[in-house]
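The values are calculated or read from the model by the stated rules, or taken from the named source; none is laboratory data. From a predicted model like this one, the values you see are computed outputs, not experimental measurements. In this analysis, Cβ positions are derived from the backbone assuming ideal geometry, glycine residues included, and neighbour counts consider all displayed protein chains. Surface accessibility is based on the protein's heavy atoms, side chains included, excluding ligands, DNA and RNA. Shrake-Rupley method; radii C 1.70, N 1.55, O 1.52, S 1.80 Å.
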Amino acid sequence: MDSTPTIPVQRPSRWDEPLDASMTDADVAWLRTRGPFNQMDQSAFPRATPLSGILRYDCRLHRVEPGEVIVREGDYGNSAFLLITGNVRVLVDSLTDRQLGRQPTRSIGWGEALSRFLRRSRHPETRTPEQVSINAAAGGHQAIRQVDDRPAIFLQDIEGVLRRHESVSLGPGELFGEVAAMYRSPRTATVIAETEAALVEIRWQGLRILRRDRRFADTLEQHYRRHWLPIHLREIPLLRYLPEENMQRVIEATELRSYGRMEWNADYKKTRKLHPADQIASEPLVVDQGQLPTELIVVRSGFGRMCVRHGAAHRTVAYLGKGHLFGIDEIAYNAMRPESMRPIHYQHSLRAVGFLDALSIPIEVFAAEVLPHIRKSELPESARSLQKSFTEKRSDRRRVRSDQRSEAADRFSPDPTQDIEHAAGVSFESTSLLEFIVQHRLNNGREAMVIDLHRCTRCDDCVKACADVHDGNPRFVRQGIVHDRLQFVQACMHCSDPVCMIGCPTGAIARDQNTGVVSIHDPICVGCGVCAAACPYENIAMAEVVDRKGRPYVDEKSGNAIRKAAKCDQCSGLPSGPACAAACPHDALVRIDLSESPPLSDWLEKRS
């Protein structure tokens, strides 16, 4: 009999980390009396996750004041908001960055860049009063105020804004922000409080379980299918020429699926230390290699790993991101094969890398509604070869019909130069490099800093140049993980999935719509450190700020030092672009997009 001693531990609980630890039984009882919770079917929820538990641990109550900005267009979020009392306004028109407290990036010339360099401060992290607090330039109005126990940003001249901008009023029982919460996408509109109101914030885990109530789930799905699914499907190149009646049938048949944890950054530090085989085994399986194809998978957000069985383990062959398709080769081949040929199975497995949100289109719907409207040049090579071989063997009568179908498929774009590349995933010639990039989630980086160690002389000119631009405090250090001759430096990568942006209370960290750069807007940064804690790559630091004489700024009420988040901003506005790359005397450093393979592959090929 095995006498190995055991170690008693407490099993982790679903609700070890409540959204709001201050939620009470009285709060839960009050919410249970309000719609839609008072109409939900209690028996629809599992015993381990009852409705009362969701309200207690996955919800937070907010009191908002008139003019308060609740959510901002462009922000990322993982929670939705249900209006309990009062009214809010959804602004149809976009507000300017300045109205939301964000500083628009201004490009400067070489003369001004030189002047700034010569007049740079001797003290690190220097700020002007206007950069430290938006209230300093708000004309006597408090743009940032404390509401209960949280900082909140207020829109100035709320009545004028509502007069000048088209808006939609929402009242009690209305839900907003659920699309961004459930499908990891930027907020599509700014919502401000029209009157004093009470809101319940529901994080996505709870929102997903609340969908077990059929009435609530139908409401959410109908809203998404009516307003957002057509937009998301039209973004897929293969569906861009689909007639409206066909698109409606695709919309009705498409299923929405999510795999893994949306907060993948919480597990990243653990999983990246695993052996690649163990890491792959721990990832949620979406499709298994060898299955008969039943659906086309379209990646909406997050990342997927394509792999094949290799002995007792798996080998990565590509990674998929937003807009990539899985299963198109097999589905197109099977749909176009003659009946005498056997169908092929999925040639790869698909696994969620941290988190994967996908649209699933059944193969029968894809074959009937979509395939006839796809240009031949956009079909996978296997399907094109099959079509050509099969067409040559047909009779004249059937060849005529085939030509007619081909003309119908090509009628929208007779110019072959307009063909697009088939989006079936991202791969590298080096399998070990591919495994390394996926294991460390570097495929999330749109502006990763990569150093060729065969050329780098460790002169640190890159670090010095960064320091010169940022008042003596460089935004990175020349260190990071290494693969072969490449070092992936710890500097902000301006990620495809910027989890650092989730949870910022004032929207101070935001992505520029034009450049994709993720920046910190100092005037509305309250120094809470949420972004720094959320960044899985530890590329954001919190720094105490001073004026040009080195005097530290302190909070006028508490006397505590003012802190701001600091990170790489790609030297936005400088004529040279990123100073680190411009200063390297040996062309050893590059800022490069790792969400696609061509940039890094081409760069390496030129150096080989």
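Take the Cβ atoms of ALA48 and SER558, set R0 to 35 Å, and the FRET efficiency comes out at 0.25.
Among the listed options (i) 1.55; (ii) 1.07; (iii) 0.95, the one matching Cα Rg over 2.2 N^0.38 Å as calculated from these coordinates is (ii).
Using a probe of 1.4 Å on the protein chains alone, the accessible area found for ARG225 is around 50 Å². One chain, two ends: ILE344 and ALA543. Fully extended at 0.36 nm per residue, the span grows by 65.9 nm beyond their Cα-Cα distance.
Once the piece of chain linking LYS464 and ALA281 is laid out straight, how much longer is it, given 0.36 nm per residue of separation minus the C-alpha distance between them?
Answer, rounded to one decimal: 61.6 nm.
Across region 86-97, computed HN-Hα scalar couplings (Karplus, 6.51 cos²θ - 1.76 cosθ + 1.60, θ = phi - 60°) run x, 9, 10, 10, 9, 7, 5, 7, 7, 8, 6, 4 Hz from first to last residue, x flagging Gly and Pro. Of the residues GLN439, ILE363, PRO50, the one whose Cα sits farthest toward the positive end of the charge dipole of the chain, with +1 on the Cβ of Lys and Arg and -1 on the Cβ of Asp and Glu, is GLN439.
Just grab the label-to-label distance for ARG215 and ALA533, each label 7 Å out from Cα along the Cβ direction, in nm (one decimal). Placing both labels 7 Å beyond Cα along the Cβ direction yields 3.7 nm. Ranked by the mean number of other Cβ atoms within 10 Å of their residues, highest first, the peptides 298-306, 124-132 fall in the order 298-306, 124-132. Derived scalar couplings between HN and Hα for region 65-72 equal 10, x, x, 6, 7, 8, 9, 10 Hz in order, rounded to whole Hz, by the Karplus curve 6.51 cos²θ - 1.76 cosθ + 1.60 (θ = phi - 60°), x for Gly and Pro. Over all other residues within a Cβ to Cβ distance under 9 Å of THR316, the charged ones net out to +1, with Lys and Arg as +1 and Asp and Glu as -1.
Average accessible surface for the chain: 49 Å² per residue, computed with a 1.4 Å probe over protein heavy atoms with every protein chain in place. For ASP75, the residues whose modelled amide H falls within less than 5 Å of its own, excluding neighbours fewer than 5 places apart on the same chain, are ARG187. Residue separation of LEU118 and HIS310 scaled by 0.36 nm, minus their Cα-Cα distance, works out to 63.3 nm of gained length.
The aspartates and glutamates within cross-link reach of LYS606, meaning a Cα-to-Cα straight distance under 15 Å and a gap of 8 or more places when in the same chain, are GLU429, ASP452, ASP587.
How large is the charge dipole for the chain, taken about the Cα centre, if only the Cβ atoms of Lys, Arg (+1) and Asp, Glu (-1) carry charge, to the nearest 20 debye?
680
Per atom type, the chain shows carbon and sulfur on 49% of its accessible surface, probed at 1.4 Å.
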